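Heads up: the structure comes next, in structure tokens.
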Amino acid sequence: MLKKKILEIGQKIAQSGMVAGTWGNISAWDAPQNGYWITPSGMDYFILKEEDLVLLSLDSTVLEGKRKPSSELLLHGEIYKQRPDVKGIVHTHSSFATAHAVSRIPLPGIVEDLIMIAGGQVEVAHYDLPGTLELALSAVQALEDKNAVFLANHGLVGVGYSLEEAFKVCQVVEKSAQIHIMSRLLGEPAVLSHEDIQLMRRTYQESYGQ
């Protein structure tokens, strides 16, 4: 079921334009296996099969699978190490989010759904080369206890208590990034107060949904 969900999310990010070609990557924590399933390197999301996914331990040892894992395996591994609450990770190159990453401009808390699901302002991690431990550590540091972070000159990482939640984070951040860019064309965006951000985030965590 977990592997099937990774394949489904992969097709969704490709269909939505969040990634082009074979870029981006997805992973999900598998508690019984004490590791995480990750998409393989450089394979089209529309032809992926469950047997193409790779199971990795937190020290990057391949536990199952014959494919070469995503080049961003260290990024995923470090997030799982530092954030035991995270059970799913989606890395995209969606246009408006990546515009923030390229400009190295954080996305402030300007709309309630962004605040609720991402936890407030989305920061930009320090630039490091893709696939490196330095990038992974920079991302974890900038992510802190939130659910989204921009990778400078690279893209967006969304995390969540499930893979579905991580995908939703990416959707909301992309939409909010577009709103932020448009609002800056109109004038100065009004950022919500720290107190309101904390209250809305807490409300989402404690009582949102069924």
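The values are calculated or read from the model by the stated rules, or taken from the named source; none is laboratory data. All of these numbers come straight from a predicted model, not from anything done at the bench. Cβ atoms come from the backbone with ideal geometry, glycine included; neighbour counts cover every protein chain shown. These accessible areas exclude ligands, DNA and RNA; they are computed on the full protein's heavy atoms, side chains included. Shrake-Rupley method; radii C 1.70, N 1.55, O 1.52, S 1.80 Å.
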Candidate set from the range 27-81 (those that are in a loop (DSSP other than H, G, I, E, B) and hydrophobic (A, V, I, L, M, F, W, C)); member that is nearest to residue 126 (Cα to Cα): 58
Flag for residue 128 being open to solvent by less than 60 Å² (accessible area, probe 1.4 Å) and either over 14 Å from the mean Cα position of the chain (by Cα) or of a type outside the set (Lys, Arg) (or both): yes
Residue match in the range 162-183 (condition: over 29 Å from residue 11 (Cβ atoms) and either in a loop (DSSP other than H, G, I, E, B) or touching a helix residue (DSSP H, G or I) at 6+ places or on another chain (Cβ under 7 Å) (or both)): no
From 149, 157, 191, residue being open to solvent by 40 Å² or more (accessible area, probe 1.4 Å), outside any helix (DSSP H, G or I), under 18 Å from residue 108 (Cα atoms) and of a type in the set (A, V, I, L, M, F, W, C): 191
Hits in the range 49-79 (condition: buried (at least 17 other Cβ atoms within 10 Å of the Cβ), modelled with pLDDT of 95 or more and farther than 16 Å from residue 136 by Cβ): 53, 54, 55, 67
Filter result for residue 14 (aliphatic (A, V, I, L, M) and surrounded by fewer than 16 Cβ atoms within 10 Å (Cβ to Cβ)): no
